[in-house]
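Worksheet: one structure, shown below.
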Amino acid sequence: MQNVTHLLGTKRFLPIFVTQFLGAFNDNLFRTAMILLVIYGIYRSEEQEAMFSAVAGGLFILPFFLLSALAGQLADATDKARIVRWVKTAEIGIMLFGAAGLLLLNVPLMLVALAAMGIHSTFFGPIKYAILPQHLRSDEVLGGTGLVEAGTYIAILGGTILGGLLVVQDAGGRYHAEYAAVGVLVVAVLGKIAGQFVPAAPPSTEDSGTINDPDLPRPGMDWHIVRASLGLVRATMHVPRLFVAIMAISFFWAMGAVLAAQFPPLVKNVLGGDQSVATLFLAIFSVGVASGSLVINRLLGGEVSARFAPISALLMGVSVFALYLLSAAWSPFPELVGTRQFLAEPTGWPVVASLFFVALFGGMFVVPLYAFLTTTVPKSETARTVAANNIVNAGAMVGATVLQYLLLKVGVSVEQTLLLVVAGTLVSAFLGKKLHRACLAAGHP
């Protein structure tokens, strides 16, 4: 990345980068181990498996919808580094429940831990973006955001791979995850240690009110969850450029929720792959988004701009449609196969390539939009702006998950739900173009 790799050697960036990396790693280590353990080792019904994936995704997202307003207010009113330390301490307790669920093959315990990790991520989410403008120069924010996104998806890759490897099958055919239980606890402790080194980021007042947007959210704590959420979203979405950016990001994450929920059932029930192939799919997706995060920074040269958003969304849609066609034409194996046999099929590599390009263009689409959110509002209001974005994102993802659930209930196949993502990319391309025009009209690149 242009002129930003030096950030990895600085105390103002490295600790938050490592803390975020470990948090994303642990999220995905636990979630991958849980999903593979449940789908391959506990449930035996195709419908049950698809529904479990959708419910698990919705359960993780729901706290973002309910608690992001409180998280954003707290982050703008309190030292962000202090909140990092609070949530990293909580992660250790949460993973005790998660580890118990993995050891005991207890689905309710695992879902409790998953929902609690959703709460953990809700309070950490606004910080990982809002803290960057406080610690980085204006010409470093896009690069820093790209590094955080790339690091996040590399962590997702690592956590996904390890989570898949640590769910093992014994000679009797029983699946178990004792090593994964130990792993999530170890990573939680390492995250707590990294969080101790995040530099102080007290509430900022240096540019409060300097941007002429009287409708932007203002300081103050409102502990009424519904009123705070509605007020925060209303205040932020009244600003036209933020409205378009948040809607574009929301459509992206709604599509991501559909894809992520269906990867394991798609692999097992449509493509005939075992858990190693499911892990490969999740890993390829992570590598693709990380690559897109780096590519877009190179293309933009550090400039915060939405000019590549429309074409990125359209190319993502083309890639998803290719994945749908390949999946619909696939002849499943008579029994579940591993990665080597899957890739030996003539269409195995095209499926993997399509998935990679879905993620690559997705990363190129979304990274500049997050940088846009944190650089076009006062630093004193960045966390609440990101929190408002998270609320709308969560609503979109929950809505997509519910729609996906209903489609599965009425008989739509797993691979056909990919067409829902294709439609979403068209809307995202339209919003990306609209945002770019709005930015040009306002004097932004």
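How far is helix 348-375 tilted, in degrees, relative to the longest principal axis of the Cα atoms in the chain, given as a value from 0 to 90 rounded to the nearest 10? Roughly 20 degrees between the two axes.
For segment 257-349, the Cβ-based charge dipole about the Cα centre amounts to some 200 debye (Lys, Arg positive; Asp, Glu negative; other atoms uncharged).
Using alpha carbons only, how many degrees (0 to 90, rounded to 10) separate the axis of helix 107-130 from the longest principal axis of the chain? So the helix axis and the longest Cα principal axis differ by about 30 degrees. Each of VAL168 and VAL182 was given a label point 7 Å from its Cα along the Cα-to-Cβ line. The distance between the two points is 1.0 nm.
Kindly provide the Kirkwood hydrodynamic radius of segment 92-209 in Å, to one decimal, from all pairs of distinct alpha carbon atoms.
Details: mean 1/r = 0.0596 Å⁻¹.
After inverting the pairwise mean of 1/r, the radius is 16.8 Å.
Projected onto their three principal axes, the Cα atoms of the chain cover extents of 65, 43, 42 Å, largest first.
Excluding ligands, DNA and RNA, what is the solvent-accessible area per residue of the chain at a probe of 1.4 Å, expressed in Å²? Walk me through the numbers on the way to the answer.
Numbers: 16800 Å² over 445 residues.
Normalised by residue count, the accessible surface of the chain is 38 Å².
Simple point charges give the picture: +1 on the Cβ of Lys and Arg, -1 on the Cβ of Asp and Glu, and for the chain a dipole about the Cα centre of about 640 debye.
At 1.4 Å probe size, with the rest of the protein present, what percent of the exposed accessible area of segment 234-329 is carbon and sulfur atoms?
Working: 2120 of 2910 Å².
With neighbouring chains kept in place, the figure for segment 234-329 is 73 percent.
Grab the DSSP H runs of the chain that are 4 residues or longer, score each as -39,500 (n - 2.57), total them, divide by all residues and round the 222 nm result to the nearest 500 deg cm²/dmol.
Details: 15 runs with 322 residues, N = 445.
For the chain, the value works out to -25000 deg cm²/dmol.
Relative to the longest principal axis of the C-alpha atoms of the chain, give the angle of the C-alpha long axis of helix 80-104, reported between 0 and 90° and rounded to the nearest 10°. Between helix and principal axis, roughly 10 degrees. Note on segment 242-328: Kirkwood hydrodynamic radius from all Cα pairs is 14.7 Å, rounded to one decimal. Distance between the modelled labels on ALA353 and SER138, one decimal in nanometres: 4.4 nm (7 Å Cα→Cβ projection). With the simple spin-label model, which puts each label point 7 Å out from Cα in the Cβ direction, the ALA200 to LEU96 separation comes to 3.2 nm.
The values are calculated or read from the model by the stated rules, or taken from the named source; none is laboratory data. Given the structure is predicted, the values throughout are model-derived calculations rather than measurements. Don't worry about glycine lacking a Cβ; one is built from the backbone with ideal geometry, like all the others, and counts go over all protein chains shown. Only protein heavy atoms, including side chains, enter the accessible area calculation; ligands, DNA and RNA are left aside. Shrake-Rupley method; radii C 1.70, N 1.55, O 1.52, S 1.80 Å.
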